[in-house]
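Trainee: Shown below is the structure under consideration.
The values are calculated or read from the model by the stated rules, or taken from the named source; none is laboratory data. From a predicted model like this one, the values you see are computed outputs, not experimental measurements. No Cβ is skipped: glycine too gets one built from the backbone with ideal geometry, and neighbour counts run over all protein chains shown. Keep in mind that these areas ignore ligands, DNA and RNA; they rest on the heavy atoms of the full protein, side chains included. Shrake-Rupley method; radii C 1.70, N 1.55, O 1.52, S 1.80 Å.
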Amino acid sequence: MERVILLLFILNQGGPTTVDFQSLEQCRAAEPTIAQVYREMTGNPVLSRCIRLNLPAK
């Protein structure tokens with residue numbers, strides 16, 4: 001089972017935020033815009049990374 005997430009670390013705001021995507025390409029395309037919006041909303045620096053997780057089937 002594959003899962004693709006965007007990890008957002010909003011500095012000075014606690015733990016990470018995640019956003020799910022269908023594919024790594026979708027995540028990479030959306031990453032700059034999502035990071036910019038979070039930066040504008042919070043006024044804090046945002047670190048982000050798209051990650052593909054290959055999870056074992058249940």
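Trainee: Could you order the peptides 29-36, 6-13, 40-47 from most to least packed, using the average number of other C-beta atoms within 10 Å per residue?
Mentor: Details: 29-36: 13.9, 6-13: 15.5, 40-47: 11.8.
So the peptides 29-36, 6-13, 40-47, ranked by packing, come out 6-13, 29-36, 40-47.
Trainee: How high is the relative contact order of the chain, given as a whole-number percent (alpha carbon pairs under 8 Å, six or more residues apart)?
Mentor: Result for the chain is 49 percent.
Trainee: Which value, in Å², gives the accessible area per residue of the chain when a 1.4 Å probe is used on the protein heavy atoms? All intermediate terms of the calculation are to be shown ahead of the outcome.
Mentor: Numbers: 4210 Å² over 58 residues.
Accessible area per residue: 73 Å².
Trainee: Now, a different point. Nearest 10 degrees, 0 to 90: what angle lies between the long axis of helix 24-42 and the longest principal axis of the chain (Cα atoms)?
Mentor: Computed tilt is about 20 degrees.
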